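See below for the structure under consideration.
The values are calculated or read from the model by the stated rules, or taken from the named source; none is laboratory data. Since we're looking at a predicted model, the values are computed, not measured. All Cβ positions, even for glycine, are placed from backbone atoms using ideal geometry, and neighbour counts span all protein chains on display. The accessibility values were calculated without ligands, DNA or RNA, using every heavy atom of the protein model including side chains. Shrake-Rupley method; radii C 1.70, N 1.55, O 1.52, S 1.80 Å.
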Amino acid sequence: MARKTVCCRLSALEFSLMVLFLLMTAVSVGLITVLALKADSEKQPEEPAPTTVNPPENSYVIGVGRADCTGPVADIPLMGYANTEQTARGLHTRLFSRAFIVDDGSKRVVFVTADIGMVSQRLRLEVLQELKGKYGDLYRQDNVIMSGTHTHSGMGGYFQYTLFMITSSGYIKPSIQAIVSGIVKSIDIAHRNMRPGRIFINKGQLADSNLNRSPHSYMNNPEEERKRYEFNTDKQIVILKFTDMDGDGMGMLSWFAVHPVSMNYTNRMVSSDNLGYASYAFEQDKNRGFLPGEGPFVAGFSSSNLGDSSPNIRGPVCVNTGEKCDYLNSSCPIGGKKACIAFGPGEDMFESTRIVGENMFKKAKELYSGAKQELHGPIHGAHQWVNMTDETVQFNSTHTGRTCKPALGHSFAAGTTDGGGEFNFVQGDTDGDPFWDGIRDELVGPPSTETQDCHRPKPILFSTGEMFSPLPWHPAIVDVQIITIGPLAIVAVPGEFTTMSGRRMREAVKQELEMHGAFTNAEVVVAGLCNIYTHYITTYEEYQIQRYEGASTIFGPHTLSAYIQRYRGLAKAIAQGSTGELPKGPEPPFFPEDKLFNLVKDPVDDKAPINTTFGEVLEQVDPIYKVGEIASVTFVSGNPRHSGDIVSNKTLVTVERFHNDTGTWEVVHSDASWETRFHWIKGTRGLSNATVEWHIPSSAQTGTYRIRYFGHYKQSNVVTAYVGTSDAFKVTKSFYYF
Ligand code: ZN
């Protein structure tokens, strides 16, 4: 049985109010933990920035790399459901950053997809700083795209704007450090293994893996536009196949629009969710004989226009009565919107993650083996910083629209059918609620008339663009970026575009690229959650409905049109070869570390119960298991945060098989394996246990096994490593023959 770790779901509003209160109290008594860690200034260029190598004709120089970015797996809030009580209590699958570098002989571009909720402006700026220290001007804001897969079970704590710091308990140095170093290391590895190679592209349709969670909003798009598409989510999956000049596979990179929310808000283990599972399965298939996260082949499954695309494909139902939820509000007669939850396709969240991940893996594998169309042609990168609070959209010669200062609507606090919020907030709210408006006005003041008018029909819950304490609540300066490799254009978008928003963007960029004669048959993909997080981007028509996605479109009803205008500008510059003349735009702020706050305390010293030692077994394994069963062992443990950088510790867990002939133990699974689960059970006053589970797959060989756990405990400022080892146990295919 999976360990049930149900926690209370709180809405973003509740946290905001709660933390505002905490902040005010903390400020008044001077208790805010101020992070004053020294900036890492000792970085030296460890290797000279290499000059671009001339590839053989019709080929590129390619590098691929993967590195761990898991971070501390205890106490830090998971990033996604905006629930500060959903803190990490263990590890299911490790998180990785995957980098792909392509050079055409004169220009170079990098695409990074990392198993994290989203790339934040802070994260990107810190990564770019490190890259500059190491490589000079080789890797820059205009040729490096960073995309998050949008797993909701990765670490939080890597943001500099107040709203995001509140929902992830502040700026947490160990968390952001792990992600920055993971991304940089994945680029280092890709950079070091660059060699001449070829890139092929293929695409296909993937069924039964996503479902529109706001069909009511989608239906508000013009009928003639909807008629052009068979489905209300994108079923298209696009893959790139990277090979060396001998045709040996180096890597695979794909885009498919689905939310990695198969793991829901009751989960407390760090997990890369469905897209991460697809990468895991693809890499395990290619890197035979390697443990997960090891081996040369790199398979990246990147997010796309997943704004309204859910993996919970059985759809929303009222969990208490089995009735259909209200179509507009996604609420239930009994239990309100909290009772309206979408599940599937599996029986539990683990099985759902595996099934959706497996679907993507299998389709990508089929497309990879059938990929024949080769990419040829030059590489381009175009990038600008844009003040998104101050954009004028030119619809025609007389009609214009404007973007707004950021603000979140009431339905933002309602959440979605993938995880609903608390209180009486529902989706599709265009009226607001005087009760909450009153509380908001008391605490942070009402939104200005200008902002209210600009966002109409959104009833404003938080006028974040007018909130600056202790730091701005939302960004104003946003990255827009496109890179092209031959006819392929990768459009890096700063958030979660809905299905139709993504379609409009792809079409506009394709048209612009082809209009100027330099491109024929351009293939445009949308890469989601890139560079900076600005929540959702709906179409103007979807915005009118004000479900969760519309309420979270922070720059107002013309946000999408403003982006399309900007990305058209980038595409035009690429097509005309004038990217160098694009104005850079206003640089985003980099707030000093002592202005950021951290609400996650350092862990206390560890204690072992009387007459026990760290790593000692408290609950032993059974002597024998059948495949399909779960071997489980519980140890006395320290806080996993005392293991420091768990990345360099390689694994917290091993499953080992005994070889009679040599008398040795062989590691068959690590903590990155799908089959292993590491649960950390926090007690009081420094006491804690760790339970390691091995969900024995039917493919497991019969034989003798043991489980080991590698931990650290801290007492009086001294960190000590320990190893716990279970009794040996047997695994059989059936209890009847052994
Ligand atoms: Zn999302």
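Summary table below
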item: Members of the range 356-373 found to be closer than 11 Å to Ala281 by Cβ and either open to solvent by less than 80 Å² (accessible area, probe 1.4 Å) or aromatic (Phe, Trp, Tyr) (or both), listed by number; result: Gly357, Glu358, Asn359, Met360, Phe361, Ala364
item: For Ile564: the one exception among (1) within 19 Å of Ile490 (Cβ to Cβ); (2) within 16 Å of the ligand (Cβ to nearest atom); result: (2)
item: Selection count, the range 404-461, where residues are over 31 Å from the mean Cα position of the chain (by Cα), outside any loop (DSSP other than H, G, I, E, B) and at pLDDT 90 or above; result: 4
item: Of residues in the range 361-403 being in a strand (DSSP E or B) and among the β-branched types (Val, Ile, Thr), the one farthest from Asn531 (Cα to Cα); result: Thr400
item: Unmet criterion (only one of (1) open to solvent by 10 Å² or more (accessible area, probe 1.4 Å); (2) assigned by TED's automatic domain parsing to the domain that holds Leu128) for Asp479; result: (1)
item: Residue count, the range 704-719 (criterion: open to solvent by 20 Å² or more (accessible area, probe 1.4 Å) and farther than 19 Å from Leu618 by Cβ); result: 7
item: Matching residues, the range 663-703, being surrounded by 18 or more Cβ atoms within 10 Å (Cβ to Cβ), of a type in the set (Ser, Thr, Tyr) and in a strand (DSSP E or B); result: Ser670, Thr676, Ser688, Thr691
item: Qualifying residue in the range 609-629 (condition: surrounded by fewer than 16 Cβ atoms within 10 Å (Cβ to Cβ) and touching a Leu at 6+ places or on another chain (Cβ under 7 Å)); result: yes
item: Output for the range 68-91, where each listed residue is open to solvent by 10 Å² or more (accessible area, probe 1.4 Å), in a strand (DSSP E or B) and within 16 Å of the ligand (Cβ to nearest atom); result: Met79
item: When residues of the range 137-162 are limited to those that are of a type in the set (Val, Ile, Thr) and within 16 Å of the ligand (Cβ to nearest atom), the one surrounded by the most Cβ atoms within 10 Å (Cβ to Cβ); result: Thr151
item: Index of the failed condition, Gln236 passing every other in (1) open to solvent by less than 10 Å² (accessible area, probe 1.4 Å); (2) without any contact (Cβ under 8 Å) to a residue 60 or more places away in the chain; result: (1)
item: The listed residue being on the phi > 0 side of the Ramachandran plot, buried (at least 24 other Cβ atoms within 10 Å of the Cβ), over 23 Å from the mean Cα position of the chain (by Cα) and away from the ligand (no atom under 16 Å from the Cβ), out of Gly486, Gly556; result: Gly556
item: From Ala414, Ala382, Ala339, residue being among the small types (Gly, Ala, Ser) and either on the phi > 0 side of the Ramachandran plot or not assigned by TED's automatic domain parsing to the domain that holds Asp103 (or both); result: Ala414
item: Residue list for the range 164-182, filter: in contact with a Pro (Cβ under 9 Å, 6 or more places away or on another chain) and within 16 Å of the ligand (Cβ to nearest atom); result: Thr167, Ser168
item: Subset of the range 526-553 that is away from the ligand (no atom under 16 Å from the Cβ) and in a helix (DSSP H, G or I) - its residue that is surrounded by the fewest Cβ atoms within 10 Å (Cβ to Cβ); result: Glu541
item: Output for the range 95-115, where each listed residue is open to solvent by 10 Å² or more (accessible area, probe 1.4 Å), in a loop (DSSP other than H, G, I, E, B) and of a type outside the set (Asp, Glu); result: Gly105, Ser106, Lys107
item: Subset of the range 253-291 that is more than 27 Å from Ile201 (Cβ to Cβ) and open to solvent by less than 20 Å² (accessible area, probe 1.4 Å) - its residue that is nearest to the ligand (Cβ to nearest atom); result: Val261
item: Every pair of residues 6+ apart whose Cβ atoms lie under 6 Å, when the first sits in the range 301-327 and is in a strand (DSSP E or B) while the second is surrounded by 24 or more Cβ atoms within 10 Å (Cβ to Cβ) and of a type in the set (Lys, Arg); result: Ser310/Arg213
item: Matching helices (runs of 4 or more DSSP H) fully within the range 121-239 where at least 2 residues are more than 25 Å from Ala522 (Cβ to Cβ); result: 121-135, 162-167, 173-192, 215-218
item: From Ser331, Ser310, Ser302, residue being among the hydroxyl-bearing types (Ser, Thr, Tyr) and away from the ligand (no atom under 16 Å from the Cβ); result: Ser331
item: The range 374-424, subset aromatic (Phe, Trp, Tyr) and away from the ligand (no atom under 16 Å from the Cβ), residue least open to solvent (accessible area, probe 1.4 Å); result: Trp385
item: Phe635 touching a Leu at 6+ places or on another chain (Cβ under 7 Å), under 21 Å from Ala74 (Cα atoms) and open to solvent by less than 60 Å² (accessible area, probe 1.4 Å); result: yes
item: Checking Tyr548 against (1) over 24 Å from the mean Cα position of the chain (by Cα); (2) more than 23 Å from Val238 (Cβ to Cβ); (3) modelled with pLDDT under 95, the condition it does not meet; result: (1)
item: Any pair with Cβ under 6 angstrom, 6 or more apart, that starts in the range 514-530 at a residue that is under 19 Å from Asp234 (Cβ atoms) and without any contact (Cβ under 8 Å) to a residue 40 or more places away in the chain and ends at one that is among the charged types (D, E, K, R) and not in a loop (DSSP other than H, G, I, E, B); result: Ala522/Lys510; Ala522/Glu514; Val524/Arg506; Val524/Lys510
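Conditions (1) hydrophobic (A, V, I, L, M, F, W, C); (2) out of contact with any helix residue (DSSP H, G or I) (no Cβ under 8 Å at 6 or more places or on another chain); (3) under 21 Å from Gln544 (Cβ atoms), marked per residue:
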| position | (1), (2), (3) |
| --- | --- |
| His216 | no, yes, yes |
| Met219 | yes, no, yes |
| Pro222 | no, no, yes |
| Ile237 | yes, no, no |
| Gly251 | no, yes, no |
| Val270 | yes, yes, no |
| Asn274 | no, no, no |
